[in-house]
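One structure below.
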Amino acid sequence: MKKINFVIVGYGGMGSYHANTLMPTEKEKINVYGAYDVLPERQAAAKEAGLKTYASYADVLADTDVEAVLIATPNDSHKDLAIAALKAGKHVLCEKPVMMNVVEFDEVLEVAKETGQTFMVHQNRRWDPDFLMIRKIYQDRPIGEIFQLESRVQGANGIPGDWRHLKEHGGGMLLDWGVHLLDQILWLVDSPVKDFFVDFSQILGDPVDDGFISYLTFENGVRALVEVGTTNFTKLPRWYVKGIEGTAKIDDWDCQGEMIRATRAENVSAPTPIQAGVGLTKTMAPPSEEAMEKIDLPTATAEYQPFYANLYEVIREEATPIVKNSEVRQVLALIDEMFARVAGK
Ligand code: NAD
């Protein structure tokens, strides 16, 4: 079947990553055809990379050889660019956060429905190896039923770039890394959020959050702490997961960590009390050796079709999207509620 000619709209950090790294993995299906950026230097970079460039977005949409666009521009511009493309008969792949809020997203979904074009969102971090390992632990239960998850990303570089500092462009970390981490957790736990707590960090003086801590309670009883920080000069583990029979920890994206579970052996000796600070404790002493065992962390293999291969089949063969708009909408609705909660609404 014919390859899909894509134009990258916004040839910045992520747009060029799609063009140079992600799309070429599906060379038989996806053709990186052109690019359009409002900055002349990014247009020049696209041209240098051998891409067709356009003088305006209208020119992209008027090009009948173009079947789809990837929107990789600052967050506040996604809606208008998406609607214009859909109305021009193009399929749209949109970077996260899909829109600034659910109202905007519903507007776009309505246009996608009217035009019959595909609209899909790039929630790529569902295929991060560390997350896939946690998903396997959650599903296979080597440490028993999971009742608490802690998911963190922590950096020490503050908010990067320019537009990410500004509210009007959809800046801040909740709309940045927050979207990924909440998408992972909601997809993993697959149960409605019953309640949540959220607190923003704004210690860098930006008008947007430079990080946040949230704690979600799901209807199935699972709890999840989700945290993003940009002022952490030393990090906590990427994942810390508690099951009824053990604990798993993944330190970072290199997927190192450990998983310890109770042996449930009979007649294990009681833990020997240890000195802790200036006191003595049995509660916090290490369990006796026979009481616990170290087990291997699962290996991470994605049992899904790669994103672009799926997108191709969604467009060509009406396959089921691996990232569904209903899932994306749930995450955005939660984020809307978080912003409202912080604003005291
Ligand atoms: P960036 O600032 O590096 O690039 C954005 C580019 O868009 C710039 O070159 C800018 O000139 C251009 N631009 C701005 N308005 C435009 C318009 N109206 N038309 C055409 N071009 C326009 O930003 P980035 O880090 O690449 O982020 C872009 C998008 O990608 C954001 O929505 C971000 O959240 C998303 N993103 C996703 C991931 C991921 O892992 N999925 C990672 C990084 C960024």
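The values are calculated or read from the model by the stated rules, or taken from the named source; none is laboratory data. Source: prediction; values computed, not measured. Heads up, the Cβs are rebuilt from the backbone with ideal geometry, glycines too, and the neighbour counts pull from every protein chain shown.
Listed by first and then second residue, the pairs linking a residue in region 1-28 that is under 20 Å from ALA62 (Cβ atoms) to a residue that is exposed (fewer than 13 other Cβ atoms within 10 Å of the Cβ), with Cβ atoms under 9 Å apart and 6 or more places separating them unless they lie on different chains, are ASN5/ASP65; TYR11/LEU39.
So that you can scan it fast, the table gives a plain yes or no per residue for (1) within 12 Å of the ligand (Cβ to nearest atom); (2) among the charged types (D, E, K, R); (3) modelled with pLDDT of 95 or more; (4) more than 15 Å from the chain's Cα centre (by Cα):
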| residue | (1), (2), (3), (4) |
| --- | --- |
| ASP76 | yes, yes, yes, yes |
| LYS79 | yes, yes, yes, yes |
| ALA85 | yes, no, yes, yes |
| HIS91 | no, no, yes, yes |
| HIS122 | yes, no, yes, no |
| TRP127 | yes, no, no, no |
| ARG141 | no, yes, yes, yes |
| SER151 | no, no, yes, no |
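Go through region 161-183 and give me each residue that's within 12 Å of the ligand (Cβ to nearest atom), under 24 Å from ALA224 (Cβ atoms) and in a helix (DSSP H, G or I). Listed by number, the residues that qualify are TRP177, GLY178, VAL179, HIS180, LEU181, ASP183. Taking TYR57 as the residue in question, decide whether it is more than 27 Å from GLU313 (Cβ to Cβ), of a type outside the set (A, V, I, L, M, F, W, C) and near the ligand (Cβ under 9 Å from one of its atoms). So TYR57 fits the description; yes.
Scan region 207-221 for residues that are under 27 Å from PRO74 (Cβ atoms) and either more than 16 Å from the ligand (Cβ to nearest atom) or part of a strand (DSSP E or B) (or both) and jot them down. Those that are under 27 Å from PRO74 (Cβ atoms) and either more than 16 Å from the ligand (Cβ to nearest atom) or part of a strand (DSSP E or B) (or both): PRO207, GLY211, PHE212, ILE213, SER214. In the condition set (1) of a type outside the set (Asp, Glu); (2) outside any loop (DSSP other than H, G, I, E, B); (3) in contact (Cβ under 8 Å) with a residue 12 or more places away in the chain, LEU280 is compliant with all but (3).
Looking only at residues of region 141-158 that are out of contact with any Ser or Thr (no Cβ under 6 Å at 6 or more places or on another chain) and not in a strand (DSSP E or B), we find that the one that is farthest from TYR240 (Cα to Cα) is ASN157.
Could you run through region 249-267 and say how many residues are aliphatic (A, V, I, L, M) and out of contact with any Lys or Arg (no Cβ under 8 Å at 6 or more places or on another chain)?
Going residue by residue through region 249-267, those that are aliphatic (A, V, I, L, M) are 250, 259-260, 262, 265.
Checking the rest, the ones that are also out of contact with any Lys or Arg (no Cβ under 8 Å at 6 or more places or on another chain) come to 262, 265.
Adding up the residues that qualify gives 2.
Would region 192-206 turn up any residue that is more than 16 Å from the ligand (Cβ to nearest atom), in contact with an Asp or Glu (Cβ under 8 Å, 6 or more places away or on another chain) and without any contact (Cβ under 8 Å) to a residue 12 or more places away in the chain? Taking every residue of region 192-206 in turn, at least one turns out to be more than 16 Å from the ligand (Cβ to nearest atom), in contact with an Asp or Glu (Cβ under 8 Å, 6 or more places away or on another chain) and without any contact (Cβ under 8 Å) to a residue 12 or more places away in the chain. Report, by residue number, each residue of region 200-222 that is over 15 Å from VAL179 (Cα atoms) and surrounded by fewer than 16 Cβ atoms within 10 Å (Cβ to Cβ). Listed by number, the residues that qualify are GLN202, ILE203, LEU204, GLY205, PRO207, THR217, GLU219, ASN220, GLY221. Evaluation of GLU48 against the conditions (1) within 15 Å of the ligand (Cβ to nearest atom); (2) in contact (Cβ under 8 Å) with a residue 12 or more places away in the chain shows that the sole unmet condition is (2).
Please go through region 13-30 and give me each residue that is surrounded by fewer than 18 Cβ atoms within 10 Å (Cβ to Cβ) and under 26 Å from the mean Cα position of the chain (by Cα), ordered by number. Selection gives GLY13, TYR17, ASN20, THR21, PRO24, THR25, LYS27. Give the number of residues within region 27-45 that are touching a strand residue (DSSP E or B) at 6+ places or on another chain (Cβ under 8 Å) and either β-branched (Val, Ile, Thr) or away from the ligand (no atom under 14 Å from the Cβ) (or both). So the count comes out to 5.
Against the conditions (1) buried (at least 21 other Cβ atoms within 10 Å of the Cβ); (2) modelled with pLDDT under 95, GLY161 satisfies every one except (1).
Looking at region 60-74, which of its residues are among the small types (Gly, Ala, Ser), more than 9 Å from the ligand (Cβ to nearest atom) and under 18 Å from VAL108 (Cβ atoms)?
Pass one, region 60-74, residues among the small types (Gly, Ala, Ser): 62, 68, 72.
Okay, now just the ones that are also more than 9 Å from the ligand (Cβ to nearest atom), so 62, 68.
Passing the criteria: only ALA68.
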